[in-house]
Amino acid sequence: YLIAPTVGDIVSARVFAFDGEPGELIASTMDVVITAPETQYTTLFPNEVILSEGYYLIALVEGQSLISVALTSTPFVPNSAWANFGDGWINIGVDGNKHTYLIEGIFDEYVALDFDIALESLTIPNYVLEGNIDISGVIRNMSVDELTSIDIEYTVNGGEALMEPFTGLSVGALETYEFAFANPLSLTEIGAYDIVVTISNANGLGPDGNPDNDQLGTIVNVLDYTPAKMVVGEEATGTWCGYCPRGSVFMEYMAQTYPNSWIGIAVHNNDPMVVPEYDAGIQSWISGYPRGLIDRAGNYDPLDFEEAFNERIAEFSPAELMIESQSIVDGVLTFEVTATFFAKVANFNINAVLLEDYVTGTGAGYAQANYYSGGGLGEMGGYEDLPNPVPAADMVYMDVARALPGGWGGVEGSLPDTVFAGESYSYAFTVALDESWDYDNMQIVGMLINNNSGEIENACVEDVITSILSITNNSELSVYPNPASEQVNIKSELTIETITVYNFAGQIVFAETVNNTNYRVNTSKLGAGIYLFQIETKEGRIATRIIIE
């Protein structure tokens, strides 16, 4: 029940661990959109939340503010009122401030079944090369009795079940156990495999009390090619946030350390660089500032970006992406994001983001709050030597999100419901460019979003090309064959000045000054994949995508 919220704000409740002060975010409810003041709302957690005995803090997120609602008794209980406005938790009861919101936590008592073991998750990769994969996952004891043994089996494409007993266990009430079959599964043919895992006969007692949580399935796609992969880091930041220099420092570190596989995006909040739709989208995923999403597979402090990146970059992607067909006419940028698939997928979207580097501005809104000033919090990339706030005149902002034309989750219908290996699809975006933006410092990010999980499966990035040659007749330029293997032929009615070839990661793999109307590029030493051929004439540049087999 909110007395005076802002109509249109997005509100959710969150549960945090609490040991003297708020700790790790444990769970977040689904969002509620405020429609009127003094209105009661009911929302649910998207998944079951199991809390062991202990203390927890319940907080509300309204708009951009994270406010504690832990006060549950009268008179005031010391150390029970906390607030977080984006720059860390504050114990607002220390100064005797007793005016906090009130929340009533209503918990259903969990009544354990006589015996119930749940198959909680599978840790089987969705995309692999030919070879062996581990069949593994997590089970949870939902009972009060100890789990000492269990049978686990799996089938592939509905075939004969392979069962393995797991004995000598000691899994207490509500505890979990990570299992893995002793022998891996060998997958030697390209294609999709339907794997179903089932648990049974816990403690030798036969069926348990709840058969509905005894089985999970997943699809494993075996690829004959490793698609090049890039990882997206979306950092929630704001010039008002005194701890956010930490985010800036580690975003720069990631960009310098992993230039060919990391894409950083700074999503600003409550400052002149905010993109409202992007800001609203990231709010329900983060627990404060600065935080960041790595491929939207987890919510991390900037200190942990590298560890999360290393986990994601090791995973396979089902497709490669490329930016194509750029043009700017009368201040409007159009481009296509093309996805080439190497596995069957379903319920995916294409998305795009427009970024700008070297952003500066005047006025207090561009001054960066800096709690690292003076060095009391240790070194932080030189911010310890700068004032608080850092004046706007001294600040240069990188990776600034400027537009999110596909919305947070991407464009519905940008891909068919089901896409098969070997297929390519493109989606065209149009963005009106602000006159204050420096087009020469802008990039386009393409994303492939898995709507089943919300994760970013792959991405690409390309500089905005501010001078593009318009081809009015297909006979003016020929680039063939496509796909190619040994060579690519380029013929033009215009004199070709230079040819530059980029791989998926944006690296130059071939560059040549031509000054001729015909040229042959030797591609025999290029690895299989998608390449961008950029051909420059005196009238501009032409970019075309070529697949090398």
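Backbone geometry of segment 380-391 corresponds, through the Karplus equation with coefficients 6.51, -1.76 and 1.60 at θ = phi - 60°, to 3J(HN,Hα) couplings of 8, x, x, 5, 5, 9, 9, x, 10, x, 6, x Hz, x marking Gly and Pro.
The ranking of Met447, Met30 by Cβ neighbour count inside 10 Å, starting from the fewest, reads Met30, Met447.
Here segment 337-361 and segment 282-334 have alpha carbon centers that stand 9 Å from each other. Normalised radius of gyration (Cα atoms, divided by 2.2 N^0.38 Å) for the chain: 1.12.
Dividing the mean sequence gap of close Cα pairs (under 8 Å, 6+ apart) by how many residues the chain holds gives a relative contact order of 10 percent. Spin-label model, Glu160/Glu384: points 7 Å from Cα along the beta carbon direction are separated by 6.5 nm.
Rounded to 0.05, the FRET efficiency of the Leu205 and Leu51 pair, given R0 = 30 Å and the Cβ-Cβ distance, is 0.65. Here each label is just a point 7 Å from Cα along the line to Cβ, and for Thr176 and Thr418 those points are 3.2 nm apart. Checking Cβ-Cβ separations below 4.7 Å across the chain identifies Cys460 as cysteines lacking any candidate disulfide partner. Lysine pair count for the chain with Cα-Cα distance under 27 Å and sequence separation of 8 or more or different chains is 4. Here the residues Ile542, Ile499, ranked from fewest to most Cβ neighbours within 10 Å of their Cβ, fall in the order Ile499, Ile542. Distance from a point 7 Å along Cα→Cβ of Glu21 to each backbone N in segment 286-318: keep the residues under 16 Å and list them by number. From segment 286-318, the list is 288-290. Put a dot 7 Å past the Cα of Ile313, heading toward its Cβ, do the same for Asp194, and the two dots end up 3.7 nm apart.
Taking the helices alone, the chain has a mean residue ellipticity at 222 nm of -1500 deg cm²/dmol, built from -39,500 (n - 2.57) per DSSP H run of at least 4 residues and averaged over all its residues. What separates the Cα centres of segment 128-169 and segment 408-445 is a distance of 41 Å. When a footprinting reagent is the concern and you count Cβ atoms within 10 Å, what order do Ile449, Ile90 take, fewest first? With the fewest neighbours first, Ile449, Ile90 line up as Ile90, Ile449.
Here, each number is a calculation from the coordinates, and none is a lab measurement. Here the structure is a predicted model, which means the values were calculated and not measured. Counting neighbours? That spans all protein chains shown, and the Cβs are built from the backbone with ideal geometry, glycine included.
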